[in-house]
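A short write-up of the structure that comes next.
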Amino acid sequence: MSFIWKTLAGFFGLGFVPLLPGTIGSLGAIPLFLLLAHLNWPLYFLTVMAFTFLSLWICQKALPLFQDTNKPEDPSRIVIDEVAGLLWALGIVRYLGLWKPEEGFLWLLLIPFVFFRLFDVTKWGPVGWAERRFSGAAGIVLDDVLAGILAGIVSILFCVVYPFLIYGIRSMVHGPWSTVQ
């Protein structure tokens with residue numbers, strides 16, 4: 001039975017990759033997201049909520065099975081929490097950002113992924129608070145869920161502000177009436 005808990009917590013082996021297991025584990029969310037992205041928004045978020053609770057349960061069962069002297073409270077091989085967190089980020093961009101598949105995957109996948117990893121690694125603000133406040137499985141999963149929610153919101157803001165920044169810089173360099181592309 002311990003093999004099953006380790007396999008699920010490591011998201012089918014992604015957590016056992018020797019370099020950057022959290023980043024590699026986060027990538028496991030992308031195929032899962034692509035399967036879920038066609039659901040309507042209430043069903044998507046209910047599914048992600050259920051996945052988050054499932055992640056909590058799996059982490060609770062798997063935590064005693066991992067011996068990580070560097071991070072005993074959050075073993076690096078447990079990456080199902082990264083999957084849950086990135087699913088939150090991608091869902092927020094997809095449904096609250098009103099992303100449409102024809103707008104391309106760069107904005108939907110890459111930007112939230114980068115912000116999610118940034119928040120997850122730096123433990124900025126509420127992400128660090130959740131990790132310090134909760135212990136065990138709750139601390140493992142909730143900090144990633146908060147990182148995902150923040151990453152989704154910041155990704156939307158970035159996608160809204162970025163074109164204005166580029167246009168503003170271009171108009172400062174070429175003048176506001178320039179037709180230079």
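The values are calculated or read from the model by the stated rules, or taken from the named source; none is laboratory data. Bear in mind the structure is a predicted one, so any value in this text is a computation, not a measurement. Please note: Cβ atoms are built from the backbone with ideal geometry, for glycine as well, and neighbour counts cover all protein chains shown.
For the reader, a short list of remarks on this structure follows.
- Extreme residue, nearest to the chain's Cα centre (by Cα), among residues of the range 35-57 that are in contact (Cβ under 8 Å) with a residue 60 or more places away in the chain and farther than 21 Å from residue 108 by Cα: 55
- Assessment of the range 172-180 against the conditions (modelled with pLDDT of 90 or more, surrounded by fewer than 21 Cβ atoms within 10 Å (Cβ to Cβ) and in contact with a helix residue (DSSP H, G or I) (Cβ under 9 Å, 6 or more places away or on another chain)) yields no matching residue.
- Test for residue 58: is it modelled with pLDDT of 95 or more, assigned to a loop (DSSP other than H, G, I, E, B) and among the aliphatic types (A, V, I, L, M): no
- Residue selected from the range 58-68 under the condition surrounded by 14 or more Cβ atoms within 10 Å (Cβ to Cβ) and more than 11 Å from residue 8 (Cα to Cα), by the criterion farthest from the chain's Cα centre (by Cα): 65
- Considering each residue of the range 104-125 in turn, none proves to be part of a helix (DSSP H, G or I), over 17 Å from residue 49 (Cβ atoms), among the basic types (Lys, Arg) and more than 15 Å from the chain's Cα centre (by Cα).
- The range 8-48, residues that are part of a helix (DSSP H, G or I), buried (at least 16 other Cβ atoms within 10 Å of the Cβ) and of a type outside the set (A, V, I, L, M, F, W, C): 15, 21, 22, 23, 25, 26, 44, 47
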